[in-house]
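For reference, the structure discussed in these notes is given below.
The values are calculated or read from the model by the stated rules, or taken from the named source; none is laboratory data. None of these values were measured; they are calculated from a predicted model. Cβ coordinates were reconstructed from backbone atoms using ideal geometry, including for glycine residues, and neighbour counts include every protein chain displayed. Ligands, DNA and RNA are stripped out before the accessible areas are found, and what is left, the full protein with its side chains, is counted by its heavy atoms. Shrake-Rupley method; radii C 1.70, N 1.55, O 1.52, S 1.80 Å.
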Amino acid sequence: MMIPWTLERYIFREMGKTFLLTATALTGALGLGGGVMQMVELGEVTPAQLLRLMALVLPVAAALTLPVAALFSATATYGRLSADNEFVACRGGGINLHVLFLPAVALSLASATVTFLFISFLIPRMIQNLGQVVESNVAGLIEQRLNRPRGLKLGDYRIYADEMQADPDRNDTVALHRVAFVQTKGETWVRYGSALSVSLNFDRQADRIRAAAVMSGLTLFDRKEGSFSEVGELEVSAPEAPVLLRYQIKFMNLWELFHYWANPTEWPPVAETVERLRTAVGRLKVHEALLEDWKTDKTITLSSVGCVPDAPEQGGGRTFTLRAQRAEAIPGGDGVELTDAVISEKTNGKERMHAARRVVLEVVRAKTPAESGIRIEGYEVRVTDGAQTVERAREELGPAEIPPQLAGRIARLSVSELLEMETSAATADPLAERRKEVREQLGGTVRRIAATFSERAAFSFSVLVLVLLGAVLGIVFRGSQAVVAFGISFVPSLFVIILIVTGKQLSQNTGTHIAGLATMWSGIVVTAFVDWWTLVRVLRR
């Protein structure tokens, strides 16, 4: 029994040397390529940033090159032993050739385990750190976005600027000058215009960077109303800065995958779509509540934030009492329209009357219903304040507060309740698009997580069958030369990797999810069968 052990140690030592040299060369080449790519993204980096990038990229590159190095070393080592007739001598000495594959199995198991741990824990962590290095140059990334045809996207706004000025002492403030902007609702332009300047501020938090902007000196055109207006300042916020890498499932570690697989509604992109649906539901329910209030006595009573409705002087706010001859919902859930309305505005015991030909009540768009308010817009308004009367084409009042009880009920609605809630719309469901978005996000997230699980497991397990196949083919084709060994190892590896990548793409779609998972593992099954056939049949000859 000493002879096989001596041969196994010899084979393992020869494989180890080839493995280390190959892994070092491939890791260096791939790591340098990754560092250069990030340099291109940043435009300019300091030597310290470059060293930090390389320190982050090299471990990631090592995780990807270990399987290739293990396959090449097995093919080259066993091919050289076959070319030197070492296996013929072993067979003549009565040694079972299958025992000599133990070093290949051991190296493949070690490579597969390390690869799985790396792609499940190390690479996600390194990607996050790499993103932090890239995001450290916020000004450079903002400048890149401004130079793109679609401009800088911030919330519902797309911003274009002729000049950018960064604060050299602070990395969280950027000033833009001579600005043009477009406000969109979906794919529709709502408003557009220009601004003298925009101040961008970034609030760094644990998992993201929130962005906010203050636009000054605005001249804008409202397409819905067909009118121009000038605004001194306008605040714009976005839940996530446009410089960040978006949340991606492939960057999550194993424990995060398990967590979000069990709780897909907590995955940030899904949570954002759910909140958008919740906000849309809130807007619709508030508009329905306003109509119900009007139907009682043709009167709607609203209060400003912090106001006590029965005693506004105690709350420090205002109350609005609206009386109208007619009220109806605006199609699409965009508000409530009152016709021939009279608005009584009371502030600290003083009353001012507004007689309007038309009044629009609309919930102000915000991140959540609790942060919203009700905007009161009057058209063809006659304002009476004491003995003074003024006529205006348009007047805006409020915002008034959404009833806390209603906002609380909306905030407590579960995802299933939001998806199944009925509306009083007489025509098409105004929430259909939002509900479709949530369902697609939920289903897509679960499928992508399952595909990522399968991809990581398949990629790691493929190392075992490919290294074993490389060793066997090295013996059969006597691949002692590096070119021959590379060709032998490259073809089956390419076959398996193509099937894994193709299967992952298919498994992320609704109709091909199961077929994609099967495709992902089919290459490994075929390779395992070839391993069995060559070990049992070919090596006997």
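Observations
- Diffusion coefficient (Stokes-Einstein, Kirkwood radius over C-alpha pairs, 10 °C, 1.306 mPa s) for the stretch 80-126: 122 µm²/s, rounded to a whole number.
- The stretch 428-464: chymotrypsin sites (Phe, Trp or Tyr not before Pro) in DSSP loop, at most 13 other beta carbons within 10 Å: none
- Computed with every protein chain present, the accessible area of H513 is close to 40 Å² [probe 1.4 Å].
- Placing pseudo-labels 7 Å out from each Cα toward the beta carbon at Y192 and V526 gives an inter-label distance of 5.2 nm.
- Ignoring lysines fewer than eight residues from K285 along the same chain, the ones with Cα atoms less than 27 angstrom from its Cα are K185, K224, K295, K298, K346, K367, K436.
- Computed FRET value (nearest 0.05) for R9 with V214, which takes r as the C-beta separation and R₀ as 41 Å: 0.05
- Accessible area (Å², 1.4 Å probe, nearest 10) - R434: 80 Å²
- Segment N509-F121, extension gain: residue separation times 0.36 nm, minus the distance between their alpha carbons: 137.1 nm
- Qualifying trypsin sites (Lys or Arg not before Pro) for the stretch 343-416 [loop in DSSP, other Cβ within 10 Å: at most 13]: R412
- Surface share of carbon and sulfur [accessible, 1.4 angstrom probe, percent] for the stretch 322-410: 46 percent
- With each label modelled as a point 7 angstrom along the Cα→C-beta vector, the R358-E256 pair spans 5.0 nm.
- Amide H to amide H, with H built 1.01 Å from N, L413 comes under 5 Å of no residue 5 or more places away or on another chain.
- When each of the peptides 337-344, 401-408 is scored by the mean number of other C-beta atoms lying within 10 Å of its residues, the order from highest to lowest reads 337-344, 401-408.
- Spin-label model distance (nm) - K153 vs H177, 7 Å beyond Cα toward Cβ: 2.9 nm
- The HN-Hα couplings worked out from phi for the stretch 520-536 by the Karplus form 6.51 cos²θ - 1.76 cosθ + 1.60 (θ = phi - 60°) are 4, 9, 5, x, 5, 5, 4, 5, 5, 5, 4, 4, 4, 5, 5, 5, 8 Hz, whole numbers, x standing for Gly and Pro.
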